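Quick notes on the structure that follows.
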Ligand SMILES: Cc1ncc(C[n+]2csc(CCOP(=O)(O)OP(=O)(O)O)c2C)c(N)n1
Ligand SMILES: [Mg+2]
């Protein structure tokens with residue numbers, strides 16, 4: 001650690017900002033440096049912040065957002081002006097959509113030159129651009145405001161429905177100084193307020209509705225994971241026996257192997273539930289907006305949610321419960337003494353029988369030793385390794401590589417599955433993997449399709465440079481969804497979906513000193529992923545699937561409008577039979 005000292009009786013903005021962040025509990029910062037924040041990053045590092053220099057700002061903000069999701073405290077990302085700032089915005093919005101706390105600090109160019117549009121270097125009115133991408137956007141114009149900016153960003157990113165906050169740090173503010181004694185006297189940090197509790201009458205109404213249900217169901221969203229409500233969720237499920245359906249990033253709040261979990265009988269559970277307790281989820285596209293064929297037409301919803309604006313986002317809700325989920329569930333548990341709730345055994349038996357039937361069907365696909373592999377038997381082999389490391393973080397992206405992984409790999413711990421979620425953003429999971437490894441020091445497994453991985457694959461170098469315990473697994477079918485789609489014209493180019501198939505992605509990590517593996521059979525996948533994970537070092541397993549493994553858009557092909565004329569109306573125009581690849 002190099003000693004960096006400001007002049008004796010003065011501090012400057014970089015030192016003061018670093019000091020304020022440290023006093024606010026910040027341990028890590030992720031970013032890409034350049035004008036005007038290079039020295040700020042070096043000073044922060046000198047003062048003890050772990051600075052993770054990344055290869056792209058989107059990944060840096062994603063890494064910080066992952067830290068926010070895992071810890072409940074905002075992760076911090078740093079960008080340079082205009083282009084670096086713009087690179088960070090998609091991840092800032094994604095974190096805001098996800099409800100993950102993150103603070104993005106962006107260096108920016110001289111205010112009055114930007115404002116008069118004189119042609120400043122990387123000049124952009126960043127604070128105003130950021131407003132559409134974050135919960136809030138601030139600008140530090142005076143060094144005195146640094147504690148205020150950090151405290152407001154901390155409060156807003158973590159309170160209510162958490163999300164992203166932007167702090168603009170223009171070069172004219174970066175260059176300011178302040179008398180050290182004044183700076184010390186004015187330094188303050190945010191005070192965390194107790195969580196707002198729901199109204200008791202809403203809890204009472206919710207319990208009465210649940211008690212009247214024949215087929216009650218709990219729907220767990222990642223909001224419950226963000227609220228760190230796992231103990232309360234488990235206690236409520238155990239006491240009421242109500243089965244639950246976990247959304248993707250709510251997996252692991254209760255281990256997926258729990259008998260109340262309806263992951264293997266989702267269709268039946270949603271179709272037949274008559275009262276659904278939604279905990280921290282939105283009835284959005286992933287749930288067909290709580291209506292239509294997927295749902296019982298007479299279903300009634302109880303929605304537990306921190307943000308009143310999310311109540312009735314798509315349909316009517318019989319019983320809204322607004323407030324902190326952890327506190328609300330505790331009130332629900334206490335309320336069982338006066339309003340007992342127990343799921344009828346007939347409903348549990350019906351779901352159990354369906355799950356047994358479906359699991360038998362899945363098992364054959366999972367354990368097949370067919371080569372070349374499909375997503376299912378490759379993931380079946382990876383599952384065997386994951387089951388030995390139930391504390392391992394799993395970061396996942398792709399289409400089939402996402403949907404099938406979510407179905408195949410059981411999660412055992414809360415907030416251990418980070419994926420491209422509600423928005424389906426490719427290129428998020430590399431940043432998540434870096435953030436999870438830095439934040440926790442624990443093993444991380446990245447699983448991505450060859451397309452998804454390619455968006456931010458350069459972060460493999462970051463993992464090697466910092467010696468992070470990440471195993472990257474790329475499921476290569478040579479394309480977006482699969483590699484054998486045909487060019488419908490005659491110029492001989494690869495189709496719009498086609499990427500390289502006969503390649504070796506694992507060589508990428510070897511260029512940076514990590515260990516690479518190339519697996520072509522389920523046995524090799526299990527052995528190589530097992531060895532890579534056990535090493536605790538940056539490692540990479542290229543899993544070669546069939547070029548025809550997968551289906552268009554994975555499990556959400558129905559969202560893709562199909563043309564009514566032309567060859568695509570009647571066939572997917574793939575080199576191999578479409579259906580064969582779609583079911584492996
Ligand atoms: C930022 C972004 N760009 C493009 C897309 C469209 N898209 C959805 S899934 C996907 C890639 C799917 O291929 P792959 O990752 O190889 O997974 P596979 O289904 O082949 O296993 C793409 C490009 C997206 N979701 N996000
Ligand atoms: Mg692919």
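The values are calculated or read from the model by the stated rules, or taken from the named source; none is laboratory data. Every value quoted in this text rests on a predicted model; they were computed, and no experiment measured them. Virtual Cβ from ideal backbone geometry, glycine too; neighbours counted across all protein chains shown.
Tabulated data
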read-out: Residue within the range 507-516 that is without any contact (Cβ under 8 Å) to a residue 60 or more places away in the chain, out of contact with any helix residue (DSSP H, G or I) (no Cβ under 9 Å at 6 or more places or on another chain) and surrounded by 13 or more Cβ atoms within 10 Å (Cβ to Cβ) present; value: yes
read-out: Residue within the range 349-368 that is within 28 Å of the chain's Cα centre (by Cα), surrounded by fewer than 21 Cβ atoms within 10 Å (Cβ to Cβ), closer than 30 Å to residue 557 by Cβ and within 16 Å of ligand 2 (Cβ to nearest atom) present; value: no
read-out: Whichever residue in the range 390-414 is over 17 Å from residue 474 (Cβ atoms) and out of contact with any strand residue (DSSP E or B) (no Cβ under 8 Å at 6 or more places or on another chain) and, among such residues, is surrounded by the most Cβ atoms within 10 Å (Cβ to Cβ); value: 414
read-out: Filter pass, residue 342 being assigned to a loop (DSSP other than H, G, I, E, B), farther than 20 Å from residue 580 by Cβ and in contact (Cβ under 8 Å) with a residue 24 or more places away in the chain; value: yes
read-out: Meets criteria (in a loop (DSSP other than H, G, I, E, B), within 16 Å of ligand 2 (Cβ to nearest atom), under 25 Å from the mean Cα position of the chain (by Cα) and modelled with pLDDT of 95 or more) for residue 548; value: no
read-out: Residues of the range 211-243 that turn out to be surrounded by fewer than 24 Cβ atoms within 10 Å (Cβ to Cβ) and over 27 Å from the mean Cα position of the chain (by Cα), as a count; value: 9
read-out: Flag if residue 490 is farther than 25 Å from residue 28 by Cα and more than 16 Å from ligand 1 (Cβ to nearest atom); value: yes
read-out: Every residue from the range 441-469 that is within 12 Å of ligand 1 (Cβ to nearest atom) and either surrounded by fewer than 21 Cβ atoms within 10 Å (Cβ to Cβ) or in a loop (DSSP other than H, G, I, E, B) (or both); value: 454, 455, 456, 457
read-out: Scope the range 136-149; condition crowded, with 21+ Cβ neighbours inside 10 Å and under 24 Å from the mean Cα position of the chain (by Cα); matching residues; value: 137
read-out: Members of the range 505-529 found to be part of a loop (DSSP other than H, G, I, E, B) and more than 27 Å from the chain's Cα centre (by Cα), listed by number; value: 511, 513, 520, 521
read-out: Candidate set: the range 415-424, residues that are out of contact with any strand residue (DSSP E or B) (no Cβ under 7 Å at 6 or more places or on another chain) and away from ligand 2 (no atom under 16 Å from the Cβ); chosen: the one farthest from residue 359 (Cα to Cα); value: 423
read-out: Verdict on residue 472 being within 16 Å of ligand 2 (Cβ to nearest atom), over 30 Å from residue 229 (Cβ atoms), within 17 Å of the chain's Cα centre (by Cα) and assigned to a strand (DSSP E or B); value: yes
read-out: Test for residue 417: is it over 27 Å from residue 272 (Cα atoms), modelled with pLDDT of 95 or more, within 20 Å of the chain's Cα centre (by Cα) and surrounded by 21 or more Cβ atoms within 10 Å (Cβ to Cβ); value: yes
